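Remarks on the structure that follows.
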Amino acid sequence: MDPLKISEDIYWVGAVDWNIRDFHGYSTYAGTTYNAYLILDDHVTLIDTVKKEFADELLAKVSKVIDPKRIDYVVSNHTEMDHSGGLARVMHKIGEDKPVYCSIMGHKNLSKHFPQPWNYKPVKSADELSLGRRTLTFLETRMLHWPDSMFSYVKEDRILFSSDAFGQHYAGLERFDDEIGEAIMPHAKKYFANILLLYADRILKLAEQVTEMGLQLDMICPDHGIMWRKDPAKIINAYVEWARQAPTRKALVVYDTMWHSTEAMAEAIVEALGRQGVDACPMHLRKWHRSDIMTEVLDAGAVIVGSPTINNGLFPTVSDFLTYMKGLKPKNKVGAAFGSYGWSGEAVKLINRELEAMRFSLVDPGLRVQYVPTEQSLQACHDLGDKIARALPADTRGPR
Ligand code: FEO
(Lines give C-alpha, C1' and ligand atoms only; values in the text may rest on other atoms or scores of the structure.)
Protein backbone atom coordinates (compact mmCIF):
# COMPACT_ATOMS: atom_id res chain seq x y z
CA MET A 1 0.00 0.00 0.00
CA ASP A 2 1.31 3.45 -0.92
CA PRO A 3 1.47 6.52 1.30
CA LEU A 4 -1.63 8.65 0.92
CA LYS A 5 -1.61 12.40 0.50
CA ILE A 6 -4.32 13.68 2.83
CA SER A 7 -3.62 17.41 2.47
CA GLU A 8 -0.97 19.55 0.79
CA ASP A 9 2.40 18.15 1.98
CA ILE A 10 0.76 15.90 4.59
CA TYR A 11 0.73 12.11 4.12
CA TRP A 12 -0.77 9.09 5.87
CA VAL A 13 2.13 6.66 6.28
CA GLY A 14 0.49 4.16 8.62
CA ALA A 15 -0.17 0.44 8.35
CA VAL A 16 -3.26 -1.72 7.96
CA ASP A 17 -3.45 -4.75 10.27
CA TRP A 18 -6.01 -6.77 8.33
CA ASN A 19 -5.88 -9.92 10.41
CA ILE A 20 -5.72 -8.90 14.04
CA ARG A 21 -8.73 -10.41 15.79
CA ASP A 22 -7.91 -9.76 19.45
CA PHE A 23 -6.59 -6.44 20.67
CA HIS A 24 -5.78 -6.98 24.35
CA GLY A 25 -9.16 -8.59 24.94
CA TYR A 26 -11.20 -6.44 22.52
CA SER A 27 -12.53 -8.41 19.53
CA THR A 28 -11.25 -6.69 16.41
CA TYR A 29 -13.25 -8.71 13.89
CA ALA A 30 -12.70 -5.97 11.29
CA GLY A 31 -8.94 -5.63 11.94
CA THR A 32 -7.44 -2.21 12.60
CA THR A 33 -4.96 0.35 11.33
CA TYR A 34 -2.07 2.12 13.02
CA ASN A 35 -2.07 5.60 11.57
CA ALA A 36 1.08 7.71 11.35
CA TYR A 37 1.43 11.02 9.54
CA LEU A 38 4.27 12.73 7.71
CA ILE A 39 4.34 16.52 7.36
CA LEU A 40 6.69 18.00 4.77
CA ASP A 41 7.79 21.45 5.84
CA ASP A 42 11.07 23.25 6.58
CA HIS A 43 11.29 20.76 9.43
CA VAL A 44 9.95 17.41 8.22
CA THR A 45 7.85 15.88 11.00
CA LEU A 46 6.53 12.40 11.69
CA ILE A 47 3.48 12.18 13.95
CA ASP A 48 3.34 8.83 15.77
CA THR A 49 4.65 5.52 14.53
CA VAL A 50 3.05 2.08 14.29
CA LYS A 51 3.15 -1.29 16.05
CA LYS A 52 6.68 -2.67 16.09
CA GLU A 53 6.11 -5.33 13.44
CA PHE A 54 4.87 -2.69 10.97
CA ALA A 55 7.81 -0.28 11.40
CA ASP A 56 9.49 -1.27 8.13
CA GLU A 57 6.19 -0.80 6.34
CA LEU A 58 5.98 2.74 7.73
CA LEU A 59 9.56 3.49 6.66
CA ALA A 60 8.88 2.10 3.18
CA LYS A 61 5.93 4.45 2.84
CA VAL A 62 7.98 7.41 4.07
CA SER A 63 10.72 6.49 1.57
CA LYS A 64 8.25 6.86 -1.28
CA VAL A 65 7.78 10.50 -0.24
CA ILE A 66 11.14 11.54 1.17
CA ASP A 67 14.37 9.99 2.44
CA PRO A 68 13.52 9.01 6.08
CA LYS A 69 16.84 10.57 7.19
CA ARG A 70 15.32 13.92 6.28
CA ILE A 71 12.76 13.60 9.10
CA ASP A 72 13.72 16.34 11.57
CA TYR A 73 11.13 15.90 14.32
CA VAL A 74 9.13 13.03 15.72
CA VAL A 75 5.95 13.72 17.68
CA SER A 76 4.69 10.95 19.95
CA ASN A 77 1.10 11.68 20.92
CA HIS A 78 0.77 8.45 22.91
CA THR A 79 3.13 5.90 24.44
CA GLU A 80 1.04 2.74 24.00
CA MET A 81 2.98 0.30 21.87
CA ASP A 82 0.54 0.18 18.95
CA HIS A 83 1.77 3.73 18.22
CA SER A 84 5.25 3.76 19.73
CA GLY A 85 6.38 0.19 19.16
CA GLY A 86 7.98 1.24 15.87
CA LEU A 87 9.84 4.14 17.46
CA ALA A 88 13.14 2.31 18.05
CA ARG A 89 13.30 1.20 14.40
CA VAL A 90 12.38 4.68 13.18
CA MET A 91 14.90 6.46 15.41
CA HIS A 92 17.63 4.07 14.35
CA LYS A 93 16.86 4.88 10.71
CA ILE A 94 16.42 8.66 10.93
CA GLY A 95 19.11 9.38 13.56
CA GLU A 96 18.97 8.79 17.32
CA ASP A 97 19.67 12.49 18.00
CA LYS A 98 16.48 13.75 16.35
CA PRO A 99 14.09 15.44 18.82
CA VAL A 100 11.09 13.47 20.06
CA TYR A 101 8.25 15.77 21.12
CA CYS A 102 5.85 14.28 23.66
CA SER A 103 3.96 15.27 26.79
CA ILE A 104 5.77 15.34 30.14
CA MET A 105 4.11 12.03 31.02
CA GLY A 106 4.98 10.80 27.54
CA HIS A 107 8.65 11.44 28.31
CA LYS A 108 8.35 9.44 31.55
CA ASN A 109 6.42 6.60 29.94
CA LEU A 110 8.48 6.35 26.75
CA SER A 111 11.65 6.25 28.86
CA LYS A 112 10.24 3.22 30.68
CA HIS A 113 9.66 1.42 27.39
CA PHE A 114 12.90 2.40 25.65
CA PRO A 115 16.30 2.56 27.39
CA GLN A 116 17.84 4.69 24.62
CA PRO A 117 18.85 8.24 25.69
CA TRP A 118 16.77 9.95 23.01
CA ASN A 119 16.53 13.71 22.66
CA TYR A 120 13.14 14.09 24.33
CA LYS A 121 11.42 17.47 24.17
CA PRO A 122 8.53 17.38 26.65
CA VAL A 123 5.71 19.83 25.85
CA LYS A 124 2.65 21.15 27.68
CA SER A 125 -0.79 22.23 26.55
CA ALA A 126 -0.68 25.32 24.30
CA ASP A 127 3.05 24.91 23.56
CA GLU A 128 3.78 25.53 19.91
CA LEU A 129 6.38 24.09 17.57
CA SER A 130 7.16 25.87 14.32
CA LEU A 131 7.75 23.51 11.43
CA GLY A 132 8.39 26.42 9.02
CA ARG A 133 5.21 27.28 7.18
CA ARG A 134 3.13 25.46 9.76
CA THR A 135 2.83 25.47 13.53
CA LEU A 136 1.97 22.48 15.68
CA THR A 137 0.03 23.27 18.86
CA PHE A 138 -0.05 20.60 21.56
CA LEU A 139 -2.98 19.82 23.80
CA GLU A 140 -2.50 17.38 26.68
CA THR A 141 -5.42 14.97 26.99
CA ARG A 142 -4.29 13.22 30.15
CA MET A 143 -6.11 9.92 30.76
CA LEU A 144 -7.71 9.96 27.33
CA HIS A 145 -6.82 7.30 27.60
CA TRP A 146 -3.30 7.09 29.09
CA PRO A 147 -1.53 9.66 31.30
CA ASP A 148 0.71 10.56 28.35
CA SER A 149 -1.97 11.09 25.71
CA MET A 150 -2.01 14.36 23.81
CA PHE A 151 -3.35 15.92 20.61
CA SER A 152 -1.34 17.86 18.04
CA TYR A 153 -3.09 20.54 15.99
CA VAL A 154 -1.94 22.24 12.78
CA LYS A 155 -3.74 25.56 12.70
CA GLU A 156 -2.76 26.45 9.13
CA ASP A 157 -4.42 23.27 7.77
CA ARG A 158 -6.99 23.04 10.59
CA ILE A 159 -6.08 19.40 11.13
CA LEU A 160 -6.23 17.70 14.53
CA PHE A 161 -4.03 14.64 15.09
CA SER A 162 -6.09 13.11 17.86
CA SER A 163 -4.18 9.97 18.89
CA ASP A 164 -6.64 7.24 19.98
CA ALA A 165 -9.59 9.62 20.35
CA PHE A 166 -12.16 9.42 17.52
CA GLY A 167 -10.51 6.21 16.27
CA GLN A 168 -12.03 2.91 15.26
CA HIS A 169 -10.65 -0.58 14.95
CA TYR A 170 -11.38 -0.98 11.26
CA ALA A 171 -9.15 -2.24 8.47
CA GLY A 172 -10.36 -1.43 4.98
CA LEU A 173 -9.40 0.25 1.76
CA GLU A 174 -11.29 3.37 2.80
CA ARG A 175 -9.30 6.12 4.54
CA PHE A 176 -11.95 8.81 4.98
CA ASP A 177 -15.44 9.14 6.44
CA ASP A 178 -16.89 10.15 3.08
CA GLU A 179 -15.64 6.90 1.55
CA ILE A 180 -17.33 4.63 4.09
CA GLY A 181 -20.29 6.66 5.36
CA GLU A 182 -22.48 5.48 8.24
CA ALA A 183 -20.91 2.01 8.22
CA ILE A 184 -18.00 3.34 10.29
CA MET A 185 -20.18 4.49 13.20
CA PRO A 186 -20.66 1.05 14.85
CA HIS A 187 -16.85 0.67 14.89
CA ALA A 188 -16.44 4.14 16.42
CA LYS A 189 -19.11 3.33 19.00
CA LYS A 190 -17.46 0.04 19.92
CA TYR A 191 -14.12 1.81 20.29
CA PHE A 192 -15.66 4.43 22.58
CA ALA A 193 -17.51 1.85 24.68
CA ASN A 194 -14.46 -0.35 25.22
CA ILE A 195 -11.59 2.13 25.41
CA LEU A 196 -12.93 5.51 26.48
CA LEU A 197 -16.17 5.04 28.40
CA LEU A 198 -14.54 5.20 31.83
CA TYR A 199 -13.28 8.68 30.96
CA ALA A 200 -16.69 9.99 29.86
CA ASP A 201 -16.59 12.97 32.24
CA ARG A 202 -13.18 14.02 30.93
CA ILE A 203 -14.46 13.76 27.37
CA LEU A 204 -17.34 16.12 28.13
CA LYS A 205 -14.89 18.60 29.72
CA LEU A 206 -12.54 18.30 26.75
CA ALA A 207 -15.40 18.94 24.32
CA GLU A 208 -16.19 22.13 26.27
CA GLN A 209 -12.52 23.13 26.27
CA VAL A 210 -12.21 22.60 22.51
CA THR A 211 -15.36 24.69 21.95
CA GLU A 212 -14.02 27.47 24.19
CA MET A 213 -10.69 27.43 22.33
CA GLY A 214 -12.61 27.91 19.08
CA LEU A 215 -10.55 25.17 17.43
CA GLN A 216 -11.44 25.12 13.74
CA LEU A 217 -11.42 21.60 12.35
CA ASP A 218 -11.29 20.68 8.69
CA MET A 219 -10.00 17.20 9.44
CA ILE A 220 -9.55 14.89 12.43
CA CYS A 221 -6.83 12.30 11.99
CA PRO A 222 -6.94 9.60 14.66
CA ASP A 223 -4.39 6.84 15.16
CA HIS A 224 -6.83 4.06 14.20
CA GLY A 225 -9.25 3.67 11.33
CA ILE A 226 -10.60 6.31 8.98
CA MET A 227 -9.98 10.07 9.05
CA TRP A 228 -12.86 12.50 9.47
CA ARG A 229 -12.83 15.16 6.74
CA LYS A 230 -16.38 15.35 5.42
CA ASP A 231 -17.96 15.97 8.79
CA PRO A 232 -15.55 16.10 11.75
CA ALA A 233 -18.37 17.45 13.94
CA LYS A 234 -20.25 14.18 13.49
CA ILE A 235 -17.81 12.16 15.56
CA ILE A 236 -17.40 14.93 18.15
CA ASN A 237 -21.18 15.10 18.59
CA ALA A 238 -21.37 11.31 18.81
CA TYR A 239 -18.71 11.36 21.56
CA VAL A 240 -20.66 13.94 23.52
CA GLU A 241 -23.86 11.89 23.20
CA TRP A 242 -22.13 8.64 24.17
CA ALA A 243 -20.34 10.30 27.08
CA ARG A 244 -23.61 11.63 28.51
CA GLN A 245 -25.02 8.10 28.81
CA ALA A 246 -28.62 9.26 28.92
CA PRO A 247 -30.85 6.31 29.90
CA THR A 248 -32.86 4.75 27.06
CA ARG A 249 -35.67 2.24 26.81
CA LYS A 250 -33.25 -0.50 25.89
CA ALA A 251 -32.35 -3.49 28.06
CA LEU A 252 -29.73 -6.20 27.80
CA VAL A 253 -30.18 -9.53 29.50
CA VAL A 254 -26.65 -10.87 29.79
CA TYR A 255 -26.26 -14.42 31.05
CA ASP A 256 -24.61 -17.79 30.90
CA THR A 257 -26.27 -21.11 31.49
CA MET A 258 -25.36 -24.71 32.34
CA TRP A 259 -28.54 -26.72 31.63
CA HIS A 260 -30.69 -23.99 30.01
CA SER A 261 -32.56 -23.01 33.17
CA THR A 262 -30.93 -19.58 33.50
CA GLU A 263 -31.38 -19.25 29.74
CA ALA A 264 -35.13 -19.91 30.03
CA MET A 265 -35.29 -17.22 32.71
CA ALA A 266 -33.38 -14.79 30.45
CA GLU A 267 -35.76 -15.39 27.57
CA ALA A 268 -38.82 -14.94 29.77
CA ILE A 269 -37.46 -11.60 31.06
CA VAL A 270 -36.75 -10.46 27.49
CA GLU A 271 -40.24 -11.50 26.37
CA ALA A 272 -41.83 -9.40 29.11
CA LEU A 273 -39.58 -6.43 28.32
CA GLY A 274 -40.52 -6.66 24.64
CA ARG A 275 -44.23 -6.64 25.52
CA GLN A 276 -43.65 -3.42 27.43
CA GLY A 277 -42.08 -1.75 24.39
CA VAL A 278 -38.50 -2.13 25.58
CA ASP A 279 -35.82 -2.84 22.99
CA ALA A 280 -34.51 -5.99 24.68
CA CYS A 281 -32.02 -8.67 23.74
CA PRO A 282 -30.72 -11.82 25.46
CA MET A 283 -26.93 -12.07 25.22
CA HIS A 284 -25.34 -15.43 25.98
CA LEU A 285 -21.82 -14.85 27.24
CA ARG A 286 -20.33 -17.74 25.27
CA LYS A 287 -21.98 -16.53 22.03
CA TRP A 288 -21.19 -12.84 22.33
CA HIS A 289 -17.76 -11.34 22.88
CA ARG A 290 -17.53 -9.17 26.00
CA SER A 291 -16.48 -6.17 23.90
CA ASP A 292 -19.58 -6.49 21.68
CA ILE A 293 -21.81 -6.71 24.73
CA MET A 294 -20.08 -3.63 26.15
CA THR A 295 -20.90 -1.73 22.95
CA GLU A 296 -24.58 -2.49 23.57
CA VAL A 297 -24.25 -1.56 27.26
CA LEU A 298 -23.18 1.95 26.21
CA ASP A 299 -26.68 3.11 25.31
CA ALA A 300 -28.77 0.58 27.24
CA GLY A 301 -30.92 1.84 30.11
CA ALA A 302 -30.86 -1.55 31.86
CA VAL A 303 -28.35 -4.38 32.19
CA ILE A 304 -29.83 -7.50 33.75
CA VAL A 305 -27.31 -10.19 34.59
CA GLY A 306 -27.97 -13.90 35.05
CA SER A 307 -25.73 -16.71 36.24
CA PRO A 308 -26.18 -20.24 37.45
CA THR A 309 -24.42 -20.99 40.71
CA ILE A 310 -21.39 -23.18 40.17
CA ASN A 311 -19.07 -24.28 42.98
CA ASN A 312 -20.73 -21.75 45.30
CA GLY A 313 -19.92 -18.91 42.94
CA LEU A 314 -20.55 -17.24 39.61
CA PHE A 315 -20.17 -18.90 36.24
CA PRO A 316 -16.67 -17.84 35.07
CA THR A 317 -17.88 -15.95 31.98
CA VAL A 318 -20.22 -13.91 34.18
CA SER A 319 -17.33 -12.99 36.51
CA ASP A 320 -15.28 -12.02 33.46
CA PHE A 321 -18.03 -9.80 32.09
CA LEU A 322 -18.79 -8.12 35.42
CA THR A 323 -15.09 -7.38 35.96
CA TYR A 324 -14.78 -5.95 32.46
CA MET A 325 -17.94 -3.84 32.72
CA LYS A 326 -17.02 -2.55 36.18
CA GLY A 327 -13.67 -1.29 34.89
CA LEU A 328 -15.39 0.72 32.16
CA LYS A 329 -17.66 2.46 34.72
CA PRO A 330 -20.97 2.72 32.84
CA LYS A 331 -23.42 5.20 34.38
CA ASN A 332 -27.16 5.70 34.76
CA LYS A 333 -28.10 2.02 34.50
CA VAL A 334 -30.92 0.04 35.99
CA GLY A 335 -29.86 -3.46 37.04
CA ALA A 336 -31.13 -6.77 38.39
CA ALA A 337 -29.81 -10.29 38.88
CA PHE A 338 -31.27 -13.71 38.27
CA GLY A 339 -30.16 -17.32 37.97
CA SER A 340 -30.88 -20.95 38.63
CA TYR A 341 -29.15 -23.01 41.29
CA GLY A 342 -29.08 -26.52 42.70
CA TRP A 343 -28.41 -26.29 46.43
CA SER A 344 -26.48 -23.22 47.57
CA GLY A 345 -27.47 -20.43 45.12
CA GLU A 346 -24.91 -17.67 45.80
CA ALA A 347 -24.78 -16.28 42.24
CA VAL A 348 -27.60 -13.73 42.52
CA LYS A 349 -26.14 -12.26 45.71
CA LEU A 350 -22.71 -12.02 44.08
CA ILE A 351 -24.10 -10.31 40.97
CA ASN A 352 -26.02 -7.83 43.13
CA ARG A 353 -22.83 -6.98 44.99
CA GLU A 354 -21.05 -6.18 41.72
CA LEU A 355 -23.96 -4.18 40.29
CA GLU A 356 -24.16 -2.16 43.52
CA ALA A 357 -20.43 -1.49 43.29
CA MET A 358 -21.12 -0.09 39.81
CA ARG A 359 -23.87 2.11 41.30
CA PHE A 360 -26.57 0.51 39.21
CA SER A 361 -30.07 1.18 40.43
CA LEU A 362 -31.32 -2.28 41.48
CA VAL A 363 -35.03 -2.69 40.83
CA ASP A 364 -35.39 -6.05 42.58
CA PRO A 365 -33.60 -8.13 45.22
CA GLY A 366 -32.95 -10.71 42.48
CA LEU A 367 -34.66 -13.82 41.23
CA ARG A 368 -33.46 -17.35 42.04
CA VAL A 369 -34.94 -20.57 40.69
CA GLN A 370 -34.00 -24.00 42.00
CA TYR A 371 -32.97 -26.43 39.25
CA VAL A 372 -35.64 -25.91 36.55
CA PRO A 373 -38.08 -23.00 36.13
CA THR A 374 -41.75 -23.85 36.66
CA GLU A 375 -44.64 -21.95 35.13
CA GLN A 376 -44.81 -20.00 38.36
CA SER A 377 -41.14 -19.07 38.29
CA LEU A 378 -41.36 -18.06 34.62
CA GLN A 379 -44.23 -15.79 35.64
CA ALA A 380 -41.87 -14.29 38.23
CA CYS A 381 -39.39 -13.64 35.38
CA HIS A 382 -42.16 -11.87 33.45
CA ASP A 383 -42.92 -9.81 36.54
CA LEU A 384 -39.25 -8.90 36.80
CA GLY A 385 -39.25 -7.84 33.14
CA ASP A 386 -42.32 -5.66 33.80
CA LYS A 387 -40.63 -4.08 36.81
CA ILE A 388 -37.50 -3.27 34.78
CA ALA A 389 -39.67 -1.77 32.01
CA ARG A 390 -41.37 0.52 34.54
CA ALA A 391 -37.94 1.76 35.72
CA LEU A 392 -36.90 2.84 32.21
CA PRO A 393 -37.76 6.13 30.54
CA ALA A 394 -41.06 5.97 28.67
CA ASP A 395 -40.24 7.34 25.28
CA THR A 396 -36.62 6.69 24.36
CA ARG A 397 -35.51 3.65 22.46
CA GLY A 398 -31.81 2.96 22.20
CA PRO A 399 -30.43 2.78 18.68
CA ARG A 400 -29.44 -0.72 17.53
FE1 FEO B 1 -4.15 2.79 20.10
FE2 FEO B 1 -3.92 3.56 23.39
O3 FEO B 1 -3.36 2.88 21.77
Pull up the DSSP beta bridges for the chain and report the antiparallel fraction as a percent, rounded to 5. 45
For the chain, take the longest principal axis of its alpha carbons; what is the angle in degrees between that and the long axis of helix 375-391, to the nearest 10 within 0 to 90? 50
Over the residues of region 342-400, compute the C-alpha Rg and express it relative to 2.2 N^0.38 Å. 1.34
Could you give the accessible area per residue of the chain, probe 1.4 Å, as a whole number in Å²? 41
Would you mind calculating the gained length between E156 and L217 on full extension (0.36 nm times residue separation, minus the Cα-Cα distance), in nm to one decimal? 20.9 nm
Please state the relative contact order of region 4-244 as a whole percent: Cα pairs under 8 Å, 6+ residues apart? 17
Could you work out how far apart the two model spin labels at S130 and D178 are, taking each label as a point 7 Å from the Cα in the direction of the beta carbon, and quote it in nm? 3.3
I'd like the distance between the alpha-carbon centres of region 323-340 and region 188-253, rounded to an integer number of Å. 22
Please report the carbon-and-sulfur percent of the accessible area for region 133-186; probe 1.4 Å, protein heavy atoms only, DNA, RNA and ligands left out. 57
Add -39500 (n - 2.57) for each DSSP H run of 4 or more in the chain, then divide by its residues: what number comes out at 222 nm, to the nearest 500 deg cm²/dmol? -10000 deg cm²/dmol
Using the scaling law 2.2 N^0.38 Å as the reference, what is the normalised Cα Rg of the chain? 1.12
Once both axes come from the Cα atoms, what is the angle between helix 316-328 and the longest principal axis of the chain, in degrees from 0 to 90, rounded to 10? 50
Using a probe of 1.4 angstrom, how much of the accessible area of region 249-400 is carbon and sulfur, in percent? 51
Among K190/K326; K124/K189; K5/K61; K189/K250; K287/K387, which pairs are too far apart, with a Cα-Cα distance over 18 Å? K124/K189; K287/K387
Highest to lowest packing among 98-104, 318-324, 388-394, scored as the average C-beta count within 10 Å: 98-104, 318-324, 388-394
Can you give me the angle between helix 261-275 and the longest principal axis of the chain, using Cα atoms only, in degrees from 0 to 90, rounded to the nearest 10? 80
P(r) of region 213-343 in 10 Å steps, Cα pairs, percent per bin? 11, 35, 27, 15, 8, 2, 0
Evaluate E = 1/(1 + (r/R0)^6) for D9 and D56, where r is the Cβ-Cβ distance and R0 equals 22 Å; express this FRET efficiency to the nearest 0.05. 0.40
Could you tell me the center-to-center distance, by alpha carbons, between region 341-400 and region 142-180 in angstrom? 40
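The values are calculated or read from the model by the stated rules, or taken from the named source; none is laboratory data. Owing to the predicted nature of the structure, the values given are computational and were not obtained by experimental measurement. Positions of Cβ are generated from backbone atoms using ideal geometry, with glycine treated the same way; all protein chains shown enter the neighbour counts. Surface areas here come from the heavy atoms of the whole protein model, side chains and all, with no ligands, DNA or RNA. Shrake-Rupley method; radii C 1.70, N 1.55, O 1.52, S 1.80 Å.
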